[in-house]
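Single-structure report; data block below.
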Amino acid sequence: MSLETACAPKTTTATFVPAQDSEQVRLHGGRKQVFAADFETAVSANPYIQFKFRAEESGQVVLSWTDDDGSTIVGQDSITVI
C-alpha cells in the first residue's frame, strides 16, 4: 500500500485518487504498548518513523496502523529474548 495525495490522477480512468493518510501507528510488545503516534493533516504523505524499545521478555510484537478511511493494517512477529 502506498500513500497518495488527493491530486494524483489515475492514468487509466482520468479520475482523481482520494487522499489516504495514516492517522495512528501503534506497537505492542507483549502486553504493553511501547510506541504510539497520532498523525495530523500536516504530516508528510510518506512519513519516516523510527523508534527503539527494549524487549523485557519473549513474545509477540504487533505493529498496527489506521488510515483516515478507517482501515487498519496489522503485522506481527515473535521475538526471543536471550
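The values are calculated or read from the model by the stated rules, or taken from the named source; none is laboratory data. As the structure is a prediction and not an experimental result, all values here were calculated from the model. For neighbour counting, all protein chains shown are included, and Cβ atoms are generated from backbone atoms with ideal geometry for every residue, glycine included.
In the set (1) at pLDDT 70 or above; (2) surrounded by 10 or more Cβ atoms within 10 Å (Cβ to Cβ); (3) in a loop (DSSP other than H, G, I, E, B), GLU40 fails one condition alone, (2). For the stretch 50-82, the candidate set comprises residues that are farther than 12 Å from GLN24 by Cα and acidic (Asp, Glu); within that set, the residue that is surrounded by the fewest Cβ atoms within 10 Å (Cβ to Cβ) is ASP77.
Here LYS32 fulfils each of the conditions (1) of a type outside the set (A, V, I, L, M, F, W, C); (2) modelled with pLDDT of 75 or more; (3) closer than 16 Å to THR66 by Cα apart from (3). Residue pairs whose Cβ atoms lie under 9 Å apart, separated by 6 or more positions or on different chains, with the first residue in the stretch 33-49 and in contact (Cβ under 8 Å) with a residue 24 or more places away in the chain and under 27 Å from GLN60 (Cα atoms) and the second in a loop (DSSP other than H, G, I, E, B) and of a type in the set (Phe, Trp, Tyr), are PRO47/PHE39.
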